[in-house]
1. Straight distance only, please: which aspartates and glutamates reach the Cα of K122 with their own Cα at less than 19 Å, same-chain residues fewer than 8 apart left out?
2. Residues in segment 100-131 near a label at T253, defined as backbone nitrogen under 18 Å from the 7 Å Cα→Cβ point?
3. How would H171, H114 line up by accessible area, probe 1.4 Å, largest first?
4. Please find the FRET efficiency linking H171 to K231, where r is the Cβ-Cβ separation and R0 is fixed at 41 Å, and quote it to the nearest 0.05.
5. List every residue whose amide H lies under 5 Å from the amide H of L190, counting only residues 5 or more places away in sequence or on a different chain, with H placed 1.01 Å from N in the peptide plane.
6. Please sort 127-138, 271-282 by packing, taking for each peptide the average over its residues of neighbouring beta carbons within 10 angstrom, highest first.
7. Return the sequence-ordered ³J(HN,Hα) values of segment 130-136 in whole Hz as given by the Karplus equation 6.51 cos²θ - 1.76 cosθ + 1.60 applied to θ = phi - 60°, using x for Gly and Pro.
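The values are calculated or read from the model by the stated rules, or taken from the named source; none is laboratory data. Owing to the predicted nature of the structure, the values given are computational and were not obtained by experimental measurement. Here the Cβ positions follow ideal geometry from the backbone for every residue, glycine too, while neighbour counts run over all protein chains shown. The area values use the complete protein model at the heavy-atom level, side chains included, leaving out ligands, DNA and RNA. Shrake-Rupley method; radii C 1.70, N 1.55, O 1.52, S 1.80 Å.
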Amino acid sequence: PQSGLPTPLALRSASELHKMKLVCTMLAMSACHAVSERPISKVLHLLEDMKKQLEAEAKKDEETYHNLACWCETNDKAKTEAIKVANSRITDLVAATQENAAYAAELEVEIKQHYKEVDQGKMALGEARANRERSADEWYGTEKDLVQSIAALKNAIQLLSKQNGGSALLHISKMVKFVIDRRSTPLAGLSDEQHASLTQFLQQPASAGSYNSQSGEIYGILTSMLEEMQKDLEEGRAKESNDGQDYEQLKSTKSAENDAGKKAIATKKQELAQTEEKLENAKEDLEDTRAALAANTKFLSDLKLRCQST
């Protein structure tokens, strides 16, 4: 430990003081023996013991001093290397913190954009569904009118081709009026003359008798109207079929886009969580590394002061 060994100066002072005390003790003992007995062998024996004890103390001091010098050198190298590693790691951690913070911000922007796109896709699909349902409802009514009008015109044309009697003429007139009242009747395709002839025909009383001179013209007008409505029915059904296919394609595309968006959101949320975890770990590691650097820097400074006399 840092405070476990004395400084070299303190070590040497304590050793010299101990030696002086030992010499004084030996001299005092020698004097006592000289007074009582004064044999030369006793003196020599005491001096020899003192020499051995002094030599042992000197050896112990040398070992302690050597250990202290080794401790200073070892810790100086270790702490210097630790400071170098810490500085390098701090540089890396700062870069990692900035990188993870930037990437987390980028992921948050991307997630918001995906949410926006998914919401827009749902809205677009909802509008397309509403438009499709409205268009289908309108076509259902139009198709029903056309089918009924075509059936009525066919009956009128068939009756007109067989006879011109009053009862038949009345029936034909009712059917033609039914057709004209339908919203899908293509009267806009008739010329002014045809429109006038048709109006005159419908205004004829049932008791007017036979209209052979006019029936051929009316037959042609009704046939033209029939062909026009059959064409409208065919084209309308084709358009309705195409509109249905277009909607299904749009629905499939938007559904796939929404699914992809939701998947991207889930993936990026998970990635964001991992990035934020890395960011927090890097911040904690950076804080710990800076604390360790400060501690090692202070320890090395104190070490150099303690060991400067070695």
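1. E110, E133, D246, E248, E257, D259
2. What the label zone holds, given the 18 Å backbone N cut-off, is 117-131.
3. Ranking H171, H114 by accessible area, largest first, yields H171, H114.
4. 0.95
5. The list, which skips near neighbours in sequence, is empty: none.
6. Per-residue Cβ counts within 10 Å, averaged per peptide and sorted highest first, yield 271-282, 127-138.
7. 5, 5, 5, 5, 5, 5, 5
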